[in-house]
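Each reported figure results from applying straightforward, stated rules to the coordinates on display, with no laboratory input. These numbers come from a predicted model, not from an experiment. Here Cβ is always computed from backbone atoms with ideal geometry, including for glycine, and neighbour counts include all displayed protein chains.
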Amino acid sequence: MSHKVFVYGTLKQNGVFNILLEEEVFIGEGTISGSLYDLGPFPALILDDKGVIYGEIYEVSDDILSYLDLVESVPYLYTRQKVEDMWVYEYAQPLNGAPKIKSGNWVNH
């Protein structure tokens, strides 16, 4: 079975963990509603209606989706949520005053 996954940080093209998606199907760029925060080496996404987050959509296998859960430390650091017809990783820890990325684009921040 295949799954769509929305990525917005280190899993995006040219991100340090994009190597995990090199063999997967890149569908294209996309957006979702939410807020994005800068945690330094990686971003935190919070699903809400306060902004737009820019990312990429991939089609991945069951095995890759399970592996991404491990990489994203589900359910401790992130939780995997369904948004429309795709999965997205939402931050599950306190933000502790992390600055909001108003542009909604972590790579260009």
Problem - Protection proxy ranking of 43-55, 85-97 - average other beta-carbon atoms within 10 Å, highest first - result: 43-55, 85-97
Practice task
Determine, for Glu72, Glu24, Glu84, Glu59, the number of other Cβ atoms within 10 Å of each Cβ, and report the residues in order from fewest to most.
Solution key: Glu84, Glu59, Glu24, Glu72
Practice task
Please give, to one decimal in nm, the separation of the simple spin-label points placed at Asp48 and Val74, each 7 Å out from Cα toward the Cβ.
Solution key: 2.4 nm
